[in-house]
Structure formats: C-alpha cells, structure tokens
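Q: Have a look at the structure that comes next, please.
Since every read-out is calculated from the coordinates, none of them should be taken as a lab result. Owing to the predicted nature of the structure, the values given are computational and were not obtained by experimental measurement. Please note: Cβ atoms are built from the backbone with ideal geometry, for glycine as well, and neighbour counts cover all protein chains shown.
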Amino acid sequence: MLHFDKIVFGPIYSRRLGSSLGVNILPQEGKMCNFDCVYCECGWNRDGRSSSRFPVAEEVADALEIALKRAASESVRIDSITFSGNGEPTLNPEFAAIVDVTVRLRDSYCPQAKVSVLSNATTLSRPGVFEALQKVDNPILKIDAASDELIGRINQPCGKYSLSQVVENLKRFDGNFILQTMFLRSPDFDTTAQENIDSWIDIVLQLRPREVMVYTIDRETPDSRLGKCTVEQMKMLTKPLADAGIPIQIRG
Ligand code: SF4
C-alpha cells in the first residue's frame with residue numbers, strides 16, 4: 001500500500017488536478033485517518049500505525065519552499081499544491097497555520113498554482129478547519145453515500161459520524177467547494193443502487209457544490225472484493241445533476 005515518507009512529494013500527474021505537488025501533513029511512513037475506507041490506497045488503519053508525530057507548520061514551510069524553489073529553477077510546471085498523503089490532513093493540529101504558509105509560498109513561487117485539499121469533511125466543526133478550507137482554491141470534500149448505514153460500510157468512521165451533520169457543515173460553504181464521491185460495489189453493498197443514488201442526488205442538489213468529482217477504484221484496495229463502475233454508468237448516474245447545471249468530472 002501507498003505510504004508517503006516525505007512531507008512534499010512529486011509533482012505527479014493527476015487527471016483531476018494536472019501537475020500536482022503533494023503535501024503530506026500526516027505522520028510519515030504510516031497512516032492516520034478517522035475513516036478506514038474499504039478502498040483506501042494507504043491500506044487499513046490497523047496496518048499503517050507508525051509514529052504519531054505530525055509535522056509542524058515550520059517543517060512543512062521549509063520542505064515546501066525547497067520544493068517550490070527547485071521546481072522554479074528547473075522550470076517544472078505546478079498546477080496544484082495538493083494536501084493528500086497518509087490520511088486525513090485536517091487532523092493535523094496545525095492545519096490552519098499550514099494552509100496559511102502554503103498560500104503564502106504559492107503566492108511567492110508559483111502564483112498560477114491552485115492549493116487543493118482532499119478531506120473527508122468530518123472535521124468541519126473543529127476550530128479553524130472550515131475557515132482554513134475557505135482560504136484554499138479547491139476544498140475537495142467527500143461524501144461517498146447517502147446514509148449513515150452505507151457510509152459505515154464504505155468509510156468505516158472511527159467514532160461518531162452523522163451525515164446530516166456533515167451536510168449542515170457543508171452548507172456553510174455556500175456551494176464554493178468540490179464534492180468528491182467514489183462509486184463502487186462489493187458483495188456487501190452497491191453505492192450505484194438506485195435508492196442510494198436518488199438520496200445522494202437530493203443531497204448534492206441541496207448543497208449545489210461548484211463541481212462534483214465522481215470516480216471509481218483504480219488501484220489495489222485493502223478489501224479485495226471491490227468492483228469498479230464504468231465511465232458510462234457514472235455518466236448515467238450523474239445525469240440528473242448535469243441536467244441541473246452542476247459541472248461533473250468523471251474519472252474512470
Ligand atoms: S478518508 Fe481518505 S485517507 Fe482516510 S481512509 Fe478514506 S481514503 Fe483513506
């Protein structure tokens with residue numbers, strides 16, 4: 001499974017974000033997340049335990065500045081500085097300060113790049129997290145299913161999770177975020193079942209995000225029984241949203 005052993009990695013090419021310089025603000029060489037998704041590229045939480053020391057804002061700033069200086073000197077294009085990596089980035093207690101230094105360094109070294117954060121949207125009630133996400137260009141926030149029961153099976157939240165609370169928190173963005181949803185099947189569930197899709201579409205129409213990114217599994221997953229969805233299926237499932245004028249990005 002994929003674990004990042006550095007704070008800054010890449011740039012790597014992403015179909016969603018272009019040339020993406022990754023920033024891992026989780027402990028290195030392990031995984032730390034308050035979800036344990038059946039499809040997580042970092043593997044199961046229980047197999048990824050390592051140090052629990054988060055990098056502090058100063059360390060992130062130093063690593064990022066070195067990488068951005070090098071990219072500038074080698075004329076390497078960077079389209080996005082992307083917080084992803086070994087888990088849920090907003091769990092870093094210095095997340096807000098790290099966003100501030102990242103935006104400052106982006107402005108200095110590669111003003112054309114977007115700052116993107118991939119998050120499972122569970123920490124929006126924590127002090128400073130919502131405000132920090134409003135400062136980035138692309139807050140990419142996850143809802144994989146339309147019921148607590150199905151989310152329990154797919155994302156396996158550690159601790160209490162309430163979809164209605166997450167939806168309420170997402171309403172505060174007033175549509176200025178990107179919703180990310182994984183479509184997948186297993187012998188135990190099928191997120192493409194019509195009942196789930198109908199309720200998911202209701203949620204998306206309430207939130208009216210500026211874009212919806214739907215995708216399916218494309219790498220090795222901790223649960224080996226998972227099945228993909230085709231691009232054609234995803235197009236069909238998201239058609240009511242496209243018809244309602246919501247931009248959809250599909251990644252097969
Ligand atoms: S939210 Fe992301 S990092 Fe966390 S378990 Fe799910 S896929 Fe992995």
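Q: Expected output is a single nm value to one decimal: the length gained when fully extending between Q249 and K135, i.e. 0.36 nm times separation in residues minus the C-alpha distance. What is it?
A: Going from the current span to full extension adds 38.8 nm.
Q: Using a 10 angstrom cutoff on alpha carbons, build the Gaussian network for the chain and name the most mobile of I154, I203, I143.
A: Greatest mean-square fluctuation among the candidates belongs to I203.
Q: Roughly how compact is region 140-252, stated as its Cα Rg over 2.2 N^0.38 Å to two decimals?
A: Taking the Cα Rg and dividing by 2.2 N^0.38 Å, one obtains 1.02.
Q: Could you give the spread of the C-alpha atoms of region 155-218 along their three principal axes, from largest to smallest, in whole angstroms?
A: Result for region 155-218: principal-axis Cα extents of 36, 27, 24 Å.
Q: Evaluate E = 1/(1 + (r/R0)^6) for S199 and S50, where r is the Cβ-Cβ distance and R0 equals 25 Å; express this FRET efficiency to the nearest 0.05.
A: 0.10
Q: With equal scatterers on the alpha carbons only and no solvent term, can you work out the Debye log10 of I(q)/I(0) for region 41-191 at 0.15, 0.18, 0.21 1/Å?
A: -0.88, -1.17, -1.40
Q: Also: Which percent of the Cα-Cα distances in the chain go past 23 Å?
A: The answer is 50 percent, as a whole percent.
Q: How large is the helix-only mean residue ellipticity at 222 nm for the chain, computed as the sum of -39500 (n - 2.57) over DSSP H runs with n ≥ 4, divided by its residue count, in deg cm²/dmol to the nearest 500?
A: -9500 deg cm²/dmol
Q: Full extension from D107 to R210: what is 0.36 nm times the residue separation minus their Cα-Cα distance, to one decimal in nm?
A: Computed gain between D107 and R210 is 34.7 nm.
Q: What cysteines in the chain have no other cysteine with a beta carbon less than 4.7 Å from their beta carbon?
A: So, C33, C42, C110, C158, C229.
Q: Roughly how far apart, in whole Å, are the Cα centres of region 184-243 and region 14-53?
A: Their Cα centres are 22 Å away from one another.
Q: Ok, one more. Quick check on region 1-111: what are the equivalent-ellipsoid semi-axes from the Cα gyration tensor, as sqrt(5λ), descending, whole Å?
A: 24, 16, 11
Q: Loop-only check: which trypsin sites (Lys or Arg not before Pro) in region 165-237 are DSSP coil with at most 11 other Cβ within 10 angstrom?
A: Those that pass, being in a loop and sparsely packed, are R219, R225.
Q: Over the chain, how many pairs of lysines fall under 23 Å by alpha carbon, counting only those 8 or more apart in sequence or from different chains?
A: 19
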